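Input: one structure, supplied below.
The values are calculated or read from the model by the stated rules, or taken from the named source; none is laboratory data. If you're wondering where the values come from, they're calculated on a predicted model, not measured in any experiment. FYI the Cβ positions are ideal-geometry reconstructions off the backbone, even for glycines, and counts take in every protein chain you see.
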Amino acid sequence: MSTAVVHPYVTRKAGVQGGQPVITGTRTPVRSIVLYHKLGEVPEEILEKLPHLTLAQIYDALSYYYDHRAAIDRDIEANTEESVRREFGL
């Protein structure tokens, strides 16, 4: 039996970052936190880069990522410079 995990600091809202998951009350996408994490940054270092967030929000974003890895990885790929250039024919 699977238990649904609640992510109190992550939300999705139409019209905010294209409906992709963001930190509640901000426009900071989960993908931004994940990208710093993939670069080897620990949550405390990410906090230095995004000081408007709390450690709890950062940890929840990373937890959300591991619960929704495929979707977030697709979001990251869709927002690379190369993908955006291709989408707009640049």
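When you scan region 1-17, how many residues do you find that are surrounded by 14 or more Cβ atoms within 10 Å (Cβ to Cβ) and in contact (Cβ under 8 Å) with a residue 24 or more places away in the chain?
Final tally of qualifying residues: 3.
Ser83 passes all but one of (1) of a type in the set (Gly, Ala, Ser); (2) at pLDDT 95 or above; (3) surrounded by fewer than 15 Cβ atoms within 10 Å (Cβ to Cβ); (4) assigned to a helix (DSSP H, G or I); which number fails?
It is condition (2) that Ser83 fails.
Still on this structure, please answer the following. Name the single residue, out of those in region 9-19 being at pLDDT 95 or above and of a type outside the set (A, V, I, L, M, F, W, C), that is farthest from Thr80 (Cα to Cα).
Tyr9
Looking at Val42 and the list (1) aliphatic (A, V, I, L, M); (2) without any contact (Cβ under 8 Å) to a residue 40 or more places away in the chain; (3) within 22 Å of Ala78 (Cβ to Cβ), which single condition is not satisfied?
The failed condition is (3).
Looking only at region 18-35, how many residues end up being touching a residue at least 12 places away in the same chain (Cβ under 8 Å), out of contact with any Phe, Trp or Tyr (no Cβ under 6 Å at 6 or more places or on another chain) and assigned to a helix (DSSP H, G or I)?
Result for region 18-35: 4.
Additional query: Have a look at Ala71, Ala14, Ala4 and point out the one that is touching a Pro at 6+ places or on another chain (Cβ under 9 Å) and either not charged (D, E, K, R) or not in a strand (DSSP E or B) (or both).
When all the criteria are applied, what remains is Ala71.
If you take the residues in region 59-80 that are among the acidic types (Asp, Glu) and surrounded by 12 or more Cβ atoms within 10 Å (Cβ to Cβ), which one is modelled with the lowest pLDDT?
Asp75
Please find, among Val22, Val42, Val34, Val5, the residue that is at pLDDT below 95 and not acidic (Asp, Glu).
Going through Val22, Val42, Val34, Val5 in turn, just one is at pLDDT below 95 and not acidic (Asp, Glu): Val5.
Yes or no: region 46-65 includes at least one residue that is in contact (Cβ under 8 Å) with a residue 40 or more places away in the chain and acidic (Asp, Glu).
Yes, region 46-65 contains a residue that is in contact (Cβ under 8 Å) with a residue 40 or more places away in the chain and acidic (Asp, Glu).
Here's another thing I want to ask about it. For region 36-58, how many residues are surrounded by 16 or more Cβ atoms within 10 Å (Cβ to Cβ) and not in a loop (DSSP other than H, G, I, E, B)?
Within region 36-58, residues that are surrounded by 16 or more Cβ atoms within 10 Å (Cβ to Cβ) and not in a loop (DSSP other than H, G, I, E, B) number 7.
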